[in-house]
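For reference, the structure is listed below as structure tokens.
The values are calculated or read from the model by the stated rules, or taken from the named source; none is laboratory data. Nothing here was measured: the structure is a model prediction, and the numbers come from that model. As a convention, Cβ positions derive from the backbone with ideal geometry for all residues, glycine included, and neighbour counts pool all protein chains shown.
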Amino acid sequence: MGTAMVGRRWSLGGADAVDEPLDADSGVERLFRAHRLAMVRLARLLVDDRETAEDVVQDAFGALHRRWAALASDDAALGYLRTSVVNGSRSVLRRRRTVRRHPQPAADALTAEPADGRVLLAEEHRDVLAALRALPTRQREVIVLRYWAELPEAQIAATLGISVGAVKSSASRGRDAIAAVLNSEQRGQQ
């Protein structure tokens with residue numbers, strides 16, 4: 001399976017006209033020199049993007065090189081080249097339409113929640129709520145207003161009719177009590 005064109009004569013026209021058998025390398029090189037820019041212009045008009053057009057033309061010349069032995073003349077080679085450029089451009093446009101119709105999902109949508117994630121989270125929430133209910137009334141009110149309602153200390157103090165210092169100490173004691181209950185439960189599970 002050689003690339004030499006034994007017995008076939010090629011004439012590519014122009015100043016460097018040749019009337020001798022050409023192997024695939026030299027034949028495609030001559031066509032490339034003579035017609036690359038025209039093929040890139042053709043592809044660019046079809047795909048509206050120079051870089052993509054150059055890729056399409058490069059692929060077309062690669063396909064021409066592979067099919068060189070089956071082509072009988074320079075007219076057949078140019079026809080094959082044009083057809084390859086048009087078909088390659090169509091493929092690019094088809095891929096673009098597909099990408100537009102089916103955009104890539106966001107990365108966070110691709111990550112799955114663990115199967116037991118909701119159960120564990122619900123269990124943790126129950127534990128926190130149980131620890132919260134066990135707090136004295138003032139500590140529970142401060143913790144709820146601080147971490148659920150997200151109020152600043154001054155507004156909590158105004159709402160409960162206590163000083164900002166009392167809010168700070170109640171929040172600290174309440175957090176410590178909840179943490180102690182949760183830590184003891186974790187130690188009991190191990």
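What the table below lists for this structure:
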| quantity | calculated |
| --- | --- |
| Complete set of residues in the range 70-117 that are at pLDDT below 90 and surrounded by 15 or more Cβ atoms within 10 Å (Cβ to Cβ) | Leu71, Asp74 |
| Residue identified as out of contact with any Ser or Thr (no Cβ under 8 Å at 6 or more places or on another chain) and touching a residue at least 24 places away in the same chain (Cβ under 8 Å) among Glu185, Glu153 | Glu185 |
| Any hit, the range 81-92, residues being closer than 15 Å to Glu29 by Cβ and touching a residue at least 12 places away in the same chain (Cβ under 8 Å) | yes |
| For Ala157: the one exception among (1) more than 19 Å from Ala130 (Cβ to Cβ); (2) surrounded by fewer than 15 Cβ atoms within 10 Å (Cβ to Cβ); (3) of a type in the set (A, V, I, L, M, F, W, C) | (2) |
| Qualifying residue in the range 67-80 (condition: out of contact with any His (no Cβ under 6 Å at 6 or more places or on another chain), of a type in the set (Ser, Thr, Tyr) and outside the structural domain of Arg44 (by TED's automatic domain parsing)) | no |
| Checklist (1) in contact (Cβ under 8 Å) with a residue 40 or more places away in the chain; (2) in a helix (DSSP H, G or I) applied to Ser172, failing item | (1) |
| Pairs where the first residue, in the range 47-64, is within 18 Å of Leu78 (Cβ to Cβ) and in contact (Cβ under 8 Å) with a residue 24 or more places away in the chain and the second is surrounded by fewer than 17 Cβ atoms within 10 Å (Cβ to Cβ) and of a type in the set (Lys, Arg), C-beta under 7 Å, 6+ apart | Val57/Arg36 |
| The range 163-180, residues that are under 14 Å from Arg140 (Cα atoms) and among the hydrophobic types (A, V, I, L, M, F, W, C) | Ala166, Val167, Ala171, Ala177, Ile178, Ala179 |
| Selection count, the range 50-63, where residues are under 14 Å from Ala38 (Cβ atoms) and crowded, with 17+ Cβ neighbours inside 10 Å | 5 |
